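One structure below.
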Amino acid sequence: MAKNSTFSLLVVLFFFSLLSLSSLCFAQQHNYMDALRKSLLFFEGQRSGKLPADQRLRWRRDSALRDGHSVGRDLTGGYYDAGDNIKFGFPMAFSVTLLSWSVIDFGRNMRGELSHALKTVRWGTDYLLKATAEVPNVMYVQVGDPYSDHNCWERPEDMDTSRSVYAIDRNHPGSDVAGETAAALAAASIVFRSRDRAYSRLLLSRAVKVFEFADKYRGAYSSSLKRAVCPFYCDNNGYQDELLWGAAWLHKATRRRRYREYIVRNEVILRAGDTINEFGWDNKHAGINVLISKEVLMGRAEDLRSFKNNADDFICSVIPGVAHPQVQYSPGGLIFKAGGSNMQHVTSLSFLLLAYSNYLSHSNHQVPCGGIVASSALLKQFAKRQVNYILGDNPIRMSYMVGYGPRYPQRIHHRGSSLPSVHVHPAHIGCKAGSRYFLSPNPNPNKLVGAVVGGPNVTDAFPDSRPYFQESEPTTYINAPLVGLLAYFSAHP
Ligand SMILES: *[C@@H]1O[C@H](CO)[C@@H](O)[C@H](O)[C@H]1NC(C)=O
């Protein structure tokens, strides 16, 4: 036992000396505030619907102005999830939850960017309010047929593919997407509490309703909407985590006892401790445990102590050098998980480490991980190392954020960015006429400033090629947690 921990201590020391060596090699001073500004601009490029007068990303125009028409509703607005033109409700809600969490924990570090961050949240919640206006009768969870969309390479402004509207209801439940949407609305209600009381109250009362609907009519949305949501945003992980996640955010937003009792009562039934080293649009477990741990660390919730234990286990499973590492690292030090769009794991796991680090330091705690102790400072250093990797401190000195640093991806897998803008080329470019832009070796004509792509493969290599969508496609849920990370490091470089 003693031998083992000495060994793991040596491994850790070795690893961190490698990290500091490598940061010596690639180190540069980063302008986190500039990166924060750009990470928010990216969301303007993902906007669907009628663009506002203060739109700063100017090569985009209005799009999808008839969304919802087929069901007699206005479902315009919201965000395209990635490099295509579909509005997928499940990852959109997750992105709004993480943007809100970024503002709640790190808004005070955002200075001049705070107003932009608030608009970014609101663009999402305005849409989620439309999508949930008729709950519990019906909730709209997606606009656009993904097969018809993915078969074309078209600008959103030209879109002539099928804008089918997909919904859940009592007989076709979706506790996953509804639970996540309740979380997003509740989190955003905290964001706007002191800034726009009426809007905040509307968000919260809607969150309560949507959560009730999610909990009462239980099921996975991919059962009834399989063809529309799988394999894109299939609920592989089950809907139980979104119910706990929704309840956790409602508890934070309302402080009502019923949500706390719900969490305690359902902890085991809804498997709070499962698959702890993941956090993303499908799997909320690590996020639930970190979020609830804050209450425990503040001494406000002894009955929720098991969540803190789960969060500690999560921390120990992510940091390098522990006895049984559950997360892989590239030789250059980047968190790596198989399955594509790796940066989503990098930003969301780093966000949790940073948030937890703050909760620990406010309560003077640290996490024992076998032979090593994960202090608040160590977690911050670790999260910062991941952020710096994204911004260019890596073996090929590539910034993975478009428009940041001297070298960044030029051929991102993104329809609007890779086709000539409407401004330059007003004539319609049809479904298949776009293919030549997709296949072209030339850089994209429109810079989607702030977009962070899926990133390098496990050997730190990056092809910078449009067809390699797992590496070259940006998504809203890569950027959403990054907003919080960049805000923090801009104030604590
Ligand atoms: C990583 O990417 C590089 C360059 O695109 C490629 O040559 C290499 O085979 C890839 N490695 C793996 C393990 O995918």
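Got at least one residue in the range 410-433 being within 16 Å of the ligand (Cβ to nearest atom), in contact (Cβ under 8 Å) with a residue 24 or more places away in the chain and surrounded by 24 or more Cβ atoms within 10 Å (Cβ to Cβ)? Looking through the range 410-433, at least one residue is within 16 Å of the ligand (Cβ to nearest atom), in contact (Cβ under 8 Å) with a residue 24 or more places away in the chain and surrounded by 24 or more Cβ atoms within 10 Å (Cβ to Cβ).
Filtered by the rule that a residue be over 22 Å from residue 332 (Cα atoms) and either in a helix (DSSP H, G or I) or within 16 Å of the ligand (Cβ to nearest atom) (or both), the range 461-480 gives 466, 467, 476, 477, 480.
Residues considered: 100, 115. Of these, the only one that is free of Cβ contacts under 8 Å to residues at least 12 places away in the same chain and either assigned to a helix (DSSP H, G or I) or touching a helix residue (DSSP H, G or I) at 6+ places or on another chain (Cβ under 7 Å) (or both) is 115.
To keep it simple, each residue is scored yes or no on (1) within 30 Å of residue 162 (Cβ to Cβ); (2) open to solvent by 20 Å² or more (accessible area, probe 1.4 Å); (3) at pLDDT 95 or above; (4) assigned to a loop (DSSP other than H, G, I, E, B).
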{"residue": "193", "(1), (2), (3), (4)": "no, yes, yes, yes"}
{"residue": "201", "(1), (2), (3), (4)": "no, yes, yes, no"}
{"residue": "235", "(1), (2), (3), (4)": "yes, no, no, yes"}
{"residue": "243", "(1), (2), (3), (4)": "no, no, yes, no"}
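For the range 439-460, the set of residues classified as within 16 Å of the ligand (Cβ to nearest atom), in contact with a strand residue (DSSP E or B) (Cβ under 9 Å, 6 or more places away or on another chain) and among the β-branched types (Val, Ile, Thr) consists of 453, 458, listed by residue number. Counting the residues of the range 265-310 that are open to solvent by less than 60 Å² (accessible area, probe 1.4 Å) and in a helix (DSSP H, G or I) gives 19.
One line per residue, one yes/no per condition, for (1) charged (D, E, K, R); (2) out of contact with any helix residue (DSSP H, G or I) (no Cβ under 7 Å at 6 or more places or on another chain):
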| residue | (1), (2) |
| --- | --- |
| 173 | no, yes |
| 192 | no, no |
| 209 | yes, yes |
| 212 | yes, yes |
| 219 | no, no |
| 225 | no, yes |
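Residue under question is residue 55, and the condition is that it be in a loop (DSSP other than H, G, I, E, B), at pLDDT below 95 and either hydroxyl-bearing (Ser, Thr, Tyr) or out of contact with any Gly (no Cβ under 9 Å at 6 or more places or on another chain) (or both); does it hold? Here the answer is no, as residue 55 does not meet what is asked.
The values are calculated or read from the model by the stated rules, or taken from the named source; none is laboratory data. This one's a predicted model, so the numbers in the text were calculated from it and none came from an experiment. Glycine also receives a Cβ, built like all others from the backbone with ideal geometry; neighbour counts cover every protein chain displayed. For accessibility, only protein heavy atoms count, side chains too; no ligands or nucleic acids. Shrake-Rupley method; radii C 1.70, N 1.55, O 1.52, S 1.80 Å.
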